[in-house]
Structure formats: C-alpha cells, structure tokens
Amino acid sequence: MTHATATRVQTYIGDPVSEKPPVAPAKLEEIFKDIQSDLRYDHELNGCLNCGICTATCPAAHYYDFSPREIVQLLWTENLEGIYDAMQEKIWACAQCYTCAARCPFGNSPGGLVMLMRETAIKHGMQSAKNVLRPFSRVMLKLISTGNQLSPDMINKDHFADWGPNISKVDAPLKVLRNAIPMPTLNTTATAWEVNLKTSVELYTIWEETGVLKQLETVDENLFDVISDIMDEKREDWKDFLADQEDAKDE
Ligand code: SF4
Ligand code: SF4
C-alpha cells in the first residue's frame with residue numbers, strides 16, 4: 001500500500017504553515033530543467049569552490065542583496081526552492097558585466113547563468129519578469145515602430161526621474177543640438193537615425209524566429225497586441241512598396 005507524501009492542497013498551493021514557497025514541486029522541477037537543458041548551461045557551470053571570488057568582484061553585490069556565489073551554489077547543489085526564490089528578485093540585480101566570468105577559477109560564468117534564469121523567468125511568465133520588463137515597454141514600442149531603441153525625445157525628466165536635476169542638461173537644447181548635426185537623417189528628436197522599411201521587416205522576422213515576440217506575449221499581452229498591429233501595418237507598407245516597384249518596371 002502506498003501513502004501520499006503531501007495532501008492535494010499542499011501539492012498545489014503549498015503548506016500554509018510552512019515558510020517554503022507555495023509552488024508545486026513539479027513546477028520547481030520544470031523550471032530547473034528549463035534552465036539546465038539550455039545548451040549554454042554546461043559551458044557556464046563547471047563546478048564551484050564556493051570561494052566567493054565572483055562576489056568579491058561583482059559590482060551588483062556591492063549595492064544589492066545579491067551574490068553570484070550564492071546563485072552558482074544554488075544551481076550547483078540543485079536547490080530548487082532556492083533557485084525559484086532567487087528568480088523572484090535577486091537575479092534582476094546583475095548588471096551583466098561578466099567580471100565574474102573573467103575571475104572564476106572554475107571557468108564558470110555566474111552572469112551567464114543569471115541570464116539563463118532570467119530567460120526562464122520570462123518563459124514562465126513570472127511576476128518578477130513582468131515587473132522588471134514593464135519600464136522597457138516604451139523602448140520596445142519605439143524599437144518596433146522606428147527601428148531605434150532609444151530616441152532623443154525619450155530622454156526627458158518625465159521618463160528619467162531618477163536622473164534628478166541633471167536631466168535638464170540633456171533635454172533642454174535637444175532640438176537645437178540635433179538640427180546642428182550635418183546629416184539630415186539625424187535632424188530629428190523622434191528617431192535616433194532612420195531605419196528603412198526593409199530592415200524593419202527583416203527585424204520582425206528575426207524576433208519571431210528567435211522567440212522574442214513569444215516571450216513578449218508571455219510578459220505583456222497588451223504590448224504584444226499593439227506591436228503586432230504595427231508589424232502588420234509595416235509589412236503591408238513593404239508589400240505595397242514592392243508592388244509599386246514592379247509596376248514601375250512594367251511601365
Ligand atoms: S555579470 Fe552579474 S554577477 Fe557577474 S560580476 Fe557582473 S553584475 Fe556580478
Ligand atoms: S562561481 Fe567560481 S568564483 Fe564564484 S564561488 Fe564558485 S568557484 Fe568561486
């Protein structure tokens with residue numbers, strides 16, 4: 001006769017008197033498998049001495065409750081609950097500078113492992129990923145609609161409140177400064193430079209084929225809908241442009 005090790009409630013919503021995360025073990029396992037099955041995983045993690053050299057040289061560790069040594073140890077010891085916990089906040093503190101990878105005596109890349117964990121957090125639509133990526137929705141929208149990640153008109157005190165009074169140094173004379181640039185394509189503050197329609201349409205294909213748009217749909221469905229509409233319009237414009245070219249040849 002077999003005995004269940006946990007009640008149905010404990011399995012699906014966790015034990016209310018436990019400090020453990022209310023996540024089903026199967027889900028924790030699935031998340032870890034997703035991280036571990038990435039082709040980069042075995043290149044980024046070769047073992048760990050727990051020496052702490054990575055944390056000693058990590059700029060993020062100086063300012064946040066974050067330690068690359070801890071992240072690597074969680075993965076190396078397959079601490080599934082700890083991995084899940086770290087994905088709620090800590091992994092987003094990494095600056096992706098890869099100083100850790102240059103210093104680790106084991107040839108690990110803690111920064112690379114953090115990247116795998118972030119990608120997995122997005123894939124699973126974790127709230128931490130949604131929170132962290134929300135401020136970038138403006139950048140994504142700009143990228144899709146103009147081909148530029150950032151344009152001069154995005155650098156203003158409304159969008160960069162954390163810059164404090166220094167923001168006035170860049171946003172005040174921006175139009176004048178841009179108009180002074182000799183290249184006409186840069187005499188604008190709405191785009192950083194001009195990206196042609198063909199390049200934009202090719203970028204859409206790359207984002208679709210590499211799964212970027214699928215990831216976006218997971219973390220921000222509204223933004224995904226807006227972006228899909230823009231892409232459809234631009235693709236139609238591109239088709240019209242090609243048709244016009246054909247007509248011109250026939251004339
Ligand atoms: S890549 Fe991340 S973990 Fe590594 S040193 Fe830079 S901030 Fe720290
Ligand atoms: S990841 Fe490398 S540097 Fe960091 S604690 Fe482990 S062995 Fe040391």
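The values are calculated or read from the model by the stated rules, or taken from the named source; none is laboratory data. Since this is a predicted model, take the numbers as computed values, not measurements. As a convention, Cβ positions derive from the backbone with ideal geometry for all residues, glycine included, and neighbour counts pool all protein chains shown.
Values as computed for the structure displayed
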{"item": "Flag if Glu30 is more than 18 Å from Val132 (Cα to Cα), of a type in the set (D, E, K, R) and either modelled with pLDDT under 95 or within 16 Å of ligand 2 (Cβ to nearest atom) (or both)", "result": "no"}
{"item": "Residue ID - nearest to Lys27 (Cα to Cα), chosen from residues in segment 123-141 that are of a type in the set (D, E, K, R) and touching a residue at least 60 places away in the same chain (Cβ under 8 Å)", "result": "Lys123"}
{"item": "Yes/no for Asp65 being touching a Pro at 6+ places or on another chain (Cβ under 8 Å) and over 16 Å from Leu116 (Cβ atoms)", "result": "no"}
{"item": "The one condition in (1) assigned to a helix (DSSP H, G or I); (2) within 16 Å of ligand 1 (Cβ to nearest atom); (3) of a type outside the set (Phe, Trp, Tyr) that Val139 fails to fulfil", "result": "(2)"}
{"item": "Residue ID - farthest from Met140 (Cα to Cα), chosen from residues in segment 184-203 that are in contact (Cβ under 8 Å) with a residue 40 or more places away in the chain and surrounded by 15 or more Cβ atoms within 10 Å (Cβ to Cβ)", "result": "Leu197"}
{"item": "Condition broken by Pro105, with the remaining ones in (1) touching a Pro at 6+ places or on another chain (Cβ under 8 Å); (2) surrounded by fewer than 15 Cβ atoms within 10 Å (Cβ to Cβ) satisfied", "result": "(1)"}
{"item": "In segment 113-136, residue nearest to Glu44 (Cα to Cα) [restricted to those that are within 12 Å of ligand 1 (Cβ to nearest atom) and either surrounded by 19 or more Cβ atoms within 10 Å (Cβ to Cβ) or over 14 Å from the mean Cα position of the chain (by Cα) (or both)]", "result": "Leu113"}
{"item": "Tally, over segment 36-92, of residues that are exposed (fewer than 14 other Cβ atoms within 10 Å of the Cβ), closer than 24 Å to Pro25 by Cα and in contact with a Phe, Trp or Tyr (Cβ under 9 Å, 6 or more places away or on another chain)", "result": "1"}
{"item": "Matching entry among Ile155, Ile167, Ile181 (being surrounded by 11 or more Cβ atoms within 10 Å (Cβ to Cβ), more than 26 Å from Met126 (Cα to Cα) and without any contact (Cβ under 8 Å) to a residue 12 or more places away in the chain)", "result": "Ile181"}
{"item": "All positions within segment 103-115 that are of a type outside the set (Phe, Trp, Tyr) and within 10 Å of ligand 2 (Cβ to nearest atom)", "result": "Arg103, Cys104, Pro105, Gly107, Asn108, Ser109, Pro110, Leu113"}
{"item": "Segment 71-83 residues that are in contact (Cβ under 8 Å) with a residue 60 or more places away in the chain, paired with ones that are among the β-branched types (Val, Ile, Thr) and in a loop (DSSP other than H, G, I, E, B) (beta carbon under 9 Å, 6 or more apart)", "result": "Glu81/Val23"}
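This table checks each residue for (1) within 24 Å of the chain's Cα centre (by Cα); (2) at pLDDT 95 or above; (3) assigned to a helix (DSSP H, G or I); (4) within 16 Å of ligand 2 (Cβ to nearest atom).
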{"residue": "Val23", "(1), (2), (3), (4)": "yes, no, no, no"}
{"residue": "Asn50", "(1), (2), (3), (4)": "no, yes, no, yes"}
{"residue": "Asp65", "(1), (2), (3), (4)": "yes, no, no, no"}
{"residue": "Leu75", "(1), (2), (3), (4)": "yes, yes, yes, yes"}
{"residue": "Ile83", "(1), (2), (3), (4)": "yes, yes, yes, yes"}
